[in-house]
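The values are calculated or read from the model by the stated rules, or taken from the named source; none is laboratory data. As the structure is a prediction and not an experimental result, all values here were calculated from the model. Counting neighbours? That spans all protein chains shown, and the Cβs are built from the backbone with ideal geometry, glycine included.
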Amino acid sequence: MDSRYAKYIKQTMKNGLPIIVIEGVEIPSTVEVCHLCRGKGSHVNPDIDSHGITGSEMEELGEDFREAYSSGAYDIECVECNGNKVIAVINHEACNIRQLALVDKQMEYIQQDNEERYCRSRGIEY
Ligand SMILES: [Zn+2]
């Protein structure tokens, strides 16, 4: 499954840095360069290339498409960092029990949601 379709724990910006807040509780986290866009803040729309574009497909799509593609015309704001280029990563060691419980609950919910979305997307494709 394309990671760009997956949902993540929502982040909020505070003083220019991403933080994680679950049900009103701020979760201890560290800041890392976004691994999805590698700090670019944008990436090609997954609707365009989520399955990868092969050389022969590129050939068929023509030069106009190739130019637009490489110039970033199909780029969208990064779905993970929302264009902020950095993301908050949960620091489990710094979490108390209540915070860990919130994180676990949220992760479970997100995983379930991702699986549902994945099944739905397969249902449409096949
Ligand atoms: Zn990003």
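Just checking, how many residues over segment 34-62 are under 26 Å from Asn91 (Cβ atoms) and either loosely packed, with under 13 Cβ neighbours inside 10 Å or more than 14 Å from the ligand (Cβ to nearest atom) (or both)?
The qualifying residues number 2.
Check off (1) surrounded by 15 or more Cβ atoms within 10 Å (Cβ to Cβ); (2) in a loop (DSSP other than H, G, I, E, B); (3) away from the ligand (no atom under 12 Å from the Cβ) for Phe65 and give me the number that stays unchecked.
In the conditions (1) surrounded by 15 or more Cβ atoms within 10 Å (Cβ to Cβ); (2) in a loop (DSSP other than H, G, I, E, B); (3) away from the ligand (no atom under 12 Å from the Cβ), Phe65 misses (2) alone.
So Thr12 fits all but one of (1) assigned to a strand (DSSP E or B); (2) surrounded by 15 or more Cβ atoms within 10 Å (Cβ to Cβ); (3) without any contact (Cβ under 8 Å) to a residue 60 or more places away in the chain; what number is the exception?
That leaves (2) as the condition not met.
Under 17 Å from the mean Cα position of the chain (by Cα), among the charged types (D, E, K, R) and more than 16 Å from the ligand (Cβ to nearest atom): which single residue out of Arg98, Arg117 fits that description?
Just a single option satisfies the conditions, and that option is Arg117.
Kindly indicate which of Tyr8, Tyr109 is in contact with a helix residue (DSSP H, G or I) (Cβ under 9 Å, 6 or more places away or on another chain) and either more than 29 Å from Gly123 (Cβ to Cβ) or assigned by TED's automatic domain parsing to the domain that holds Gly123 (or both).
Working: Tyr109 fails: in contact with a helix residue (DSSP H, G or I) (Cβ under 9 Å, 6 or more places away or on another chain).
One residue alone meets the criteria, Tyr8.
Anything in segment 68-126 that is in a loop (DSSP other than H, G, I, E, B) and within 24 Å of Glu26 (Cβ to Cβ)? List them, or say none.
Initially, segment 68-126 is screened for residues in a loop (DSSP other than H, G, I, E, B), giving 71-74, 78-85, 91, 95-96, 126.
Scanning segment 68-126 gives Cys78, Val79, Glu80, Cys81, Asn82, Gly83, Asn84, Lys85, Asn91, Cys95, Asn96.
Answer yes or no: is there a residue in segment 26-41 that is among the charged types (D, E, K, R) and assigned to a loop (DSSP other than H, G, I, E, B).
Yes; the residues of segment 26-41 include at least one that is among the charged types (D, E, K, R) and assigned to a loop (DSSP other than H, G, I, E, B).
Starting from residues that are part of a loop (DSSP other than H, G, I, E, B) and more than 12 Å from the chain's Cα centre (by Cα), keep the ones in segment 42-56 and report whichever is farthest from Lys14 (Cα to Cα). It would help to see each step written out before you state the result.
Residues of segment 42-56 part of a loop (DSSP other than H, G, I, E, B): 45, 50-54.
So of that shortlist, the ones also more than 12 Å from the chain's Cα centre (by Cα) come out as 50-54.
On the way: Ser50: 31, His51: 35, Gly52: 35, Ile53: 38, Thr54: 41 Å.
Of everything passing the filter in segment 42-56, Thr54 is farthest from Lys14 (Cα to Cα).
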